[in-house]
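The values are calculated or read from the model by the stated rules, or taken from the named source; none is laboratory data. Note that the structure is predicted; figures quoted are calculated from it, not measured. When we count neighbours, we look across all protein chains shown, and the Cβ atoms used for this are built from the backbone with ideal geometry, even at glycine. The protein model used for the area step is the full one, side chains on, heavy atoms only, and it has no ligands, DNA or RNA in it. Shrake-Rupley method; radii C 1.70, N 1.55, O 1.52, S 1.80 Å.
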Amino acid sequence: MKYAMPKKTRSSKEPSWPETLRAWRSRREITQKEAAARLGVALPTYRKWEQGGARPTFPTPEAAGEVFKP
């Protein structure tokens, strides 16, 4: 079962999914390949998320939580 993040309207102050993912990856100084592995998804899937071509659907709640850890 996959766990999708809830849809909600985005205020102008909230970062988009691609911005959130890029910031998360940048804070950890990891490549897209490493990010995909940490989240348990294929590299092309992660790239689509980061480029805004698809909305994240994480394979587990833990993977979703990984993005939001400080």
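Against the condition out of contact with any helix residue (DSSP H, G or I) (no Cβ under 6 Å at 6 or more places or on another chain), at pLDDT 90 or above and part of a helix (DSSP H, G or I), how does ALA37 come out, does it pass? Spelling it out, ALA37 is indeed out of contact with any helix residue (DSSP H, G or I) (no Cβ under 6 Å at 6 or more places or on another chain), at pLDDT 90 or above and part of a helix (DSSP H, G or I).
Does GLY40 fit the bill of being within 16 Å of GLU19 (Cα to Cα) and of a type outside the set (S, T, N, Q)? Taking the combined requirement at face value, the residue does not satisfy it.
Restricting to the range 31-51, give me the number of residues that are under 17 Å from ALA64 (Cβ atoms), hydrophobic (A, V, I, L, M, F, W, C) and without any contact (Cβ under 8 Å) to a residue 24 or more places away in the chain.
Here the count works out to 5.
Of all residues in the range 60-70, those satisfying the criterion of being hydrophobic (A, V, I, L, M, F, W, C) and either farther than 15 Å from ARG22 by Cα or loosely packed, with under 14 Cβ neighbours inside 10 Å (or both) are ALA63, PHE68. Annotation: of all residues in the range 40-59 being among the polar types (S, T, N, Q) and in contact with a helix residue (DSSP H, G or I) (Cβ under 8 Å, 6 or more places away or on another chain), the one that is least open to solvent (accessible area, probe 1.4 Å) is THR45.
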